[in-house]
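**Student:** Have a look at the structure that comes next, please.
The numbers here are math on the coordinates, done by the rules we state, and not lab data. Everything numeric here is computed off the predicted structure, so don't read it as measured data. In this analysis, Cβ positions are derived from the backbone assuming ideal geometry, glycine residues included, and neighbour counts consider all displayed protein chains.
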Amino acid sequence: MNKLWKILSYRQDNRSNFMESLLADRGIKTKKEKEIYLNADLKYLSDPFQLPGMDKAVKRIEQAVKEKQKILVFGDYDVDGITSTAVLYRFFKKAYNLEVNYFLPDRIEDGYGLNLSALKKIIAENIDLIITVDCGITAFKEAEYLKEKGIDLIITDHHTPSDQLPLAEAVINHHLVQQNNYFANEIAGVGTAFKLIQALRPNVVKKMYQELLPIVALGTVADIAPLKDENRILVKNGLELISKDRVLGLKVLIEELKLDKNRITAGQIGYIIAPPLNAAGRIHDAEEALKLLIVEDENVLKDIAKKLIKINKKRQQEEEIIYQSAEKKIKDLELEKEKAIILADSDWHSGIIGIVASRLLEKYNLPVILFAIDQNSNVAKGSARSISALNIYQALKFCSSELLTFGGHKAAAGLSIKPAMFSKFKELFRRYLKQNLTEEDFLRREKIDLNLKISELNRDFVKNLEKFRPYGIANPAPKFLFQNLESRGCYQMGKENKHLKIYLNGGIQAVAFNLGDQADKIAASNFDLIGQAEINYWRGQENLQLKVNDYRSVNDISTALIFEKNDYQFYDFRNMKNKNEKLENLLAKKVIKKAAVYVSHKKEKNYFKNIHPAHCFFSKERDLESDYSHLIFYSLPFSLSHFNNILDIYQKRSLTPKEKIIFLFSERDIKFNQQIIKDLNRKELALNNQNQLDFKGSVRYNKLSRRMENFMTFKNLIFKENLFDLIANVSNFKEDKNES
């Protein structure tokens with residue numbers, strides 16, 4: 001196995017409600033949950049006073065406003081920090097007729113967050129109150145320094161706190177909320193800033209939605225915050241309000257980027273609109289990006305927008321140089337052994353390595369940590385990006401003894417280190433991976449919402465899908481499995497023929513980005529694909545199309561389709577042409593540490609035992625030993641009871657919390673099993689006849705009759721396309737067994 005396709009729901013007919021399935025797979029089941037998700041009304045935003053420290057923060061800010069004290073907003077140089085600063089700046093100006101001071105640190109000179117050199121500059125301006133946005137949660141020394149200087153500090157941040165909090169008037173961070181199912185549980189820095197102003201003047205904020213929510217949406221999407229619950233409401237409404245043009249700088253930038261303001265998506269925010277703002281903080285001055293969001297002079301804004309786009313192009317050029325440099329270094333790594341890409345260079349720009357790390361993660365599907373070494377300070381600043389199975393923040397915490405600083409989230413983090421500690425850090429990081437991940441965790445994964453037929457695609461279907469927007473982390477575009485397709489024609493397109501257009505039945509076109517080199521394979525045989533159904537708007541026309549996420553040939557043995565529910569993972573390789581070849585291929589992979597392989601044919605079992613002594617081949621359950629990573633059914637069991645008995649024993653001897661079960665048998669095995677059952681029945685019948693019993697009236701005869709009936713019932717179940725039905729029967733079988 002090289003890739004895993006995990007399907008969340010499976011339909012056996014066209015009558016089931018696909019909308020209900022998609023909602024259920026997102027954990028949205030009750031009537032109230034569906035109402036909130038589908039309508040995303042702003043009335044469902046959480047009470048800002050659920051955040052600990054909010055009362056204190058409000059009182060201190062109101063005191064500062066009343067006494068006309070000098071307030072400074074301390075932001076960050078990325079889009080989340082810039083938008084957070086813009087939200088507070090706009091609010092104070094409208095709510096209190098007050099222009100607050102602001103400070104955005106320089107990525108190179110100041111580094112991330114509150115720092116003493118920056119604070120010394122600020123103190124000289126006689127500031128009375130500092131409000132941090134998107135930073136400050138671990139600024140212990142800086143908070144104490146401000147206390148000594150008599151300057152009050154309010155921290156608003158969304159990064160993971162340490163066991164203790166900085167000394168401040170108030171600390172607002174969603175991680176500090178104790179209640180379960182907190183609706184704003186994963187807000188970004190800009191979301192946290194928004195909760196603060198909601199608490200200060202809720203009625204004013206409502207009147208400012210058109211100029212605030214587009215900025216909140218921009219920062220939330222740019223920071224890759226999960227688009228669920230409160231985040232989803234903020235982003236969905238923010239995207240819809242962009243067309244109102246109340247944020248003049250966004251209007252100008254969108255025009256310069258030649259986008260349609262009426263169709264702005266979260267994807268366009270992340271890949272097109274946010275990068276020019278991010279580039280300013282990475283290689284120039286973040287204040288340019290902030291001005292785009294707070295200045296009201298359109299002529300000035302046009303100059304700023306053009307400048308930001310130009311800076312971004314320069315960033316892209318530098319990014320490509322670093323990317324190519326990293327690729328050369330990767331050639332010297334043993335990726336199969338190291339399981340991570342950890343590289344450093346003194347020529348790399350610390351503001352760009354994060355983007356390069358994301359690209360390398362996408363290509364190699366391994367955790368990536370890139371360091372830019374500052375030879376003057378002898379400190380390396382790093383950016384980390386992670387695969388889904390690894391919480392990179394926890395991994396860095398494990399290695400913290402070798403780091404100067406670190407912080408971040410599950411998927412991305414920043415860190416700094418002395419170059420002399422690289423070797424020890426790498427050793428600790430690899431140890432953490434070995435202790436916490438399996439080989440299977442490093443396989444590429446695709447989640448599939450539902451299986452569909454090409455004939456089911458139409459405009460009404462796709463229009464219904466629009467209700468699930470905006471798409472992003474934790475709310476991806478619904479992905480559908482289309483099986484056994486045939487290409488009506490395909491051709492390469494795009495720069496260097498990198499992409500592919502495929503013509504399918506019913507006039508449906510599919511676009512496969514970065515699969516241009518697969519044209520011959522797709523044209524040569526039937527295939528399955530995972531795709532997103534969408535409307536493509538091009539030159540005033542609307543066309544229905546599929547955006548391809550992945551594909552496999554029908555007999556591809558490198559990609560497993562997984563049905564997972566409860567404690568079971570069924571890997572579906574049924575009915576492929578050569579199951580012997582499939583088994584050989586699977587056992588050659590390091591993914592399968594030790595397999596228990598059920599083989600009913602004695603000669604085959606002995607053959608496999610000789611060539612694969614590291615694995616266990618059995619035909620009787622008593623031959624199972626212990627410590628298995630996978631159970632493989634090379635042969636077809638004889639009944640549901642037989643199947644369950646094998647599962648029970650395997651479960652007691654398994655290395656993993658979930659039972660990983662691979663099906664390799666085919667319908668050709670049915671005849672073999674039927675013959676075995678007939679032969680067994682014949683032998684028992686002959687034995688009973690010798691004893692001159694009334695066989696037809698005996699218990700034994702009824703048992704022999706049920707043996708074939710049980711097999712035929714099991715055969716119909718285990719060869720259904722929908723293996724979730726089998727999982728349900730296995731679960732019910734075990735429950736009945738336990739009750740009895």
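**Student:** Loop only by DSSP, 15 or fewer other Cβ within 10 Å of the Cβ. Give me the GluC sites (Glu not before Pro) in the range 7-84 that pass, ordered by residue number.
**Tutor:** Numbers: sites: Glu20, Glu33, Glu35, Glu62, Glu67; in loops: Glu67.
The qualifying sites are Glu67.
**Student:** Separate question: Taking 32 Å as the cut-off for C-alpha to C-alpha distance, list the pairs among Lys577/Lys609; Lys59/Lys306; Lys34/Lys244 that go past it.
**Tutor:** Numbers: Lys577/Lys609 22 Å; Lys59/Lys306 41 Å; Lys34/Lys244 28 Å.
Where the Cα-Cα span goes over 32 Å, the pairs concerned are Lys59/Lys306.
**Student:** A further question on this structure: Sequence neighbours fewer than 8 away in the same chain don't count; with that in mind, list the lysines whose C-alpha is under 17 Å from Lys310.
**Tutor:** Lys258, Lys291, Lys302
**Student:** What does the convex hull of the alpha-carbon atoms of the range 215-342 project to on average, in nm²? Don't jump to the answer; show the numbers that get you there.
**Tutor:** Numbers: hull surface 38.5 nm².
With every direction weighted equally, the projected area is 9.6 nm².
**Student:** Ranking request for peptides 275-284, 240-249: highest mean number of other beta-carbon atoms within 10 Å first, then the rest in descending order. Write down the numbers at each step before the final one.
**Tutor:** Numbers: 275-284: 25.1, 240-249: 19.4.
Listed from highest to lowest mean packing, they are 275-284, 240-249.
**Student:** Helix 669-690 versus the longest principal axis of the chain: what angle, 0 to 90°, nearest 10, using Cα atoms?
**Tutor:** 40
**Student:** Report the net charge of residues surrounding Ile392, where surrounding means a beta-carbon distance below 11 angstrom and charges are Lys +1, Arg +1, Asp -1, Glu -1.
**Tutor:** Working: positive: Arg385, Lys397, Lys410; negative: none.
Its environment carries a net charge of +3.
**Student:** Output the Cα-based Rg and Dmax of the range 449-553 in Å, rounding Rg to one decimal and Dmax to a whole number.
**Tutor:** Both quantities, over Cα of the range 449-553: 13.5, 37 Å.
**Student:** For Asp13, Asp47, Asp528, what ranking results if the residue with the fewest other Cβ atoms within 10 Å of its Cβ goes first? It would help to have the intermediate numbers written out before the result.
**Tutor:** On the way: Asp13 5, Asp47 13, Asp528 19.
Exposure proxy ranking, most exposed first: Asp13, Asp47, Asp528.
**Student:** Using the 10 angstrom Cβ neighbour count as an exposure proxy, how do His499, His175 rank, fewest first? Walk me through the numbers on the way to the answer.
**Tutor:** On the way: His499 17, His175 13.
Taking fewest neighbouring Cβ atoms as first place, the list is His175, His499.
**Student:** Still on this structure, please answer the following. What net charge is computed for the residues neighbouring Glu67, neighbours being all others with C-beta under 14 Å from the C-beta of Glu67, Lys and Arg scored +1, Asp and Glu -1?
**Tutor:** Net charge around Glu67: +2.
**Student:** Still on this structure, I have one more. Over all directions, how big on average is the projection of the convex hull of the alpha-carbon atoms in the chain, in square nanometres?
**Tutor:** Details: hull surface 149.7 nm².
Answer in nm², one decimal: 37.4.
**Student:** Tell me which trypsin sites (Lys or Arg not before Pro) from the range 18-93 have a DSSP coil assignment and no more than 12 other beta carbons within 10 Å of their own. Working shown, then result.
**Tutor:** Working: sites: Arg26, Lys29, Lys31, Lys32, Lys34, Lys43, Lys56, Lys59, Arg60, Lys66, Lys68, Lys70, Arg90, Lys93; in loops: Arg26, Lys29, Lys68, Lys70.
When the trypsin sites (Lys or Arg not before Pro) of the range 18-93 are filtered for loop state and at most 12 Cβ neighbours within 10 Å, Lys29, Lys68 remain.
**Student:** Straight-line reach from Lys147: which aspartates and glutamates have a Cα under 18 Å away, not including same-chain ones fewer than 8 places off?
**Tutor:** Filter leaves Glu125, Asp128, Glu169.
**Student:** Would you work out the relative contact order for the chain, in percent, from Cα pairs under 8 angstrom that are 6 or more residues apart? Provide the component values of the computation, followed by the final result.
**Tutor:** Values: 1307 pairs, mean separation 77.4, N = 740.
Reported relative contact order: 10 percent.
**Student:** Quick check on my link table: of Lys206/Lys307; Lys32/Lys94; Lys68/Lys121; Lys94/Lys195; Lys397/Lys447, which ones sit more than 25 Å apart, alpha carbon to alpha carbon?
**Tutor:** Values: Lys206/Lys307 33 Å; Lys32/Lys94 35 Å; Lys68/Lys121 21 Å; Lys94/Lys195 16 Å; Lys397/Lys447 29 Å.
From the list (Lys206/Lys307; Lys32/Lys94; Lys68/Lys121; Lys94/Lys195; Lys397/Lys447), the Cα-Cα distance tops 25 Å for Lys206/Lys307; Lys32/Lys94; Lys397/Lys447.
**Student:** Could you state the per residue volume, in Å³, of the convex hull enclosing the Cα atoms of the range 612-671? Write out the running numbers ahead of the final one.
**Tutor:** On the way: hull volume 5.6 nm³, N = 60.
Measuring per residue, one finds 93 Å³ for the Cα hull of the range 612-671.
**Student:** Kirkwood hydrodynamic radius of the range 560-739 from all distinct Cα pairs, in Å? Working shown, then result.
**Tutor:** Details: mean 1/r = 0.0573 Å⁻¹.
That comes to 17.5 Å for the range 560-739.
**Student:** Per Stokes-Einstein, at 10 °C and 1.306 mPa s, what whole-number D in µm² s⁻¹ belongs to the range 333-444, with the Kirkwood radius over Cα pairs as the hydrodynamic radius?
**Tutor:** On the way: Rh = 13.8 Å.
Estimated diffusion coefficient is 115 µm²/s.
**Student:** Using only the alpha-carbon atoms, what does the range 44-313 span along each of its principal axes? Please give whole angstrom values in decreasing order.
**Tutor:** That works out to 50, 41, 34 Å along the principal axes.
**Student:** Could you work out how far helix 723-739 tilts from the main Cα principal axis of the chain, as a 0 to 90 degree angle to the nearest 10?
**Tutor:** 70
**Student:** Return the ratio Rg/(2.2 N^0.38 Å) for the range 79-147, where Rg is computed over Cα atoms only. Present the calculation step by step, with values, prior to reporting the outcome.
**Tutor:** Numbers: Rg = 12.5 Å, N = 69, 2.2 N^0.38 = 11.0 Å.
Normalised Rg, Cα atoms only: 1.13.
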